[in-house]
Amino acid sequence: MDQSSNENFVNSIEEKSQSSKPEFSEQEVDLISRMYKLVGEKWSLIAGRIPGRTAEEIEKYWKLKEHRNSSRS
């Protein structure tokens, strides 16, 4: 496999892994926000209330959301 083919292969895998799950719905975001206010960073507890989502996905979403909000200030 030449360099170009290898790069294309890696890029396609990265795109698939990033798009494997849909974005968080408005209802999921609302539930995450409410649960976070109640239990804090207990991601596995929050994930238990959202079918199909892992604690890692929720934590990553929350950390990125916090970062976006803090960078706007």
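We did not get these values from a lab; they are worked out from the coordinates using the rules stated. Being a predicted model, the structure only gives us computed values, none of them experimental. We place every Cβ from the backbone using ideal geometry, glycine too, and count neighbours over all the protein chains shown.
Could you give the dipole magnitude of the range 22-72 about its Cα centre, charging the beta-carbon of Lys and Arg +1 and that of Asp and Glu -1, in debye to the nearest 20?
Taking the Cα centre of the range 22-72 as origin, the dipole is about 180 debye.
Could you tell me whether the range 22-72 comes out rounded, prolate or oblate from its Cα gyration tensor? Rule is a ≥ b ≥ c as square roots of the eigenvalues, rounded for a/c under 1.5, then prolate if a/b exceeds b/c, otherwise oblate. Taking the square roots of the gyration eigenvalues as a ≥ b ≥ c, the range 22-72 is prolate.
Computed from the C-beta positions of A55 and E26 and an R0 of 22 Å, the FRET efficiency is 0.60 to the nearest 0.05. Evaluating 6.51 cos²θ - 1.76 cosθ + 1.60 at θ = phi - 60° for every residue in the range 41-50, the Karplus couplings come out as 7, 8, 4, 5, 5, 5, 4, x, 9, 10 Hz, glycine and proline recorded as x.
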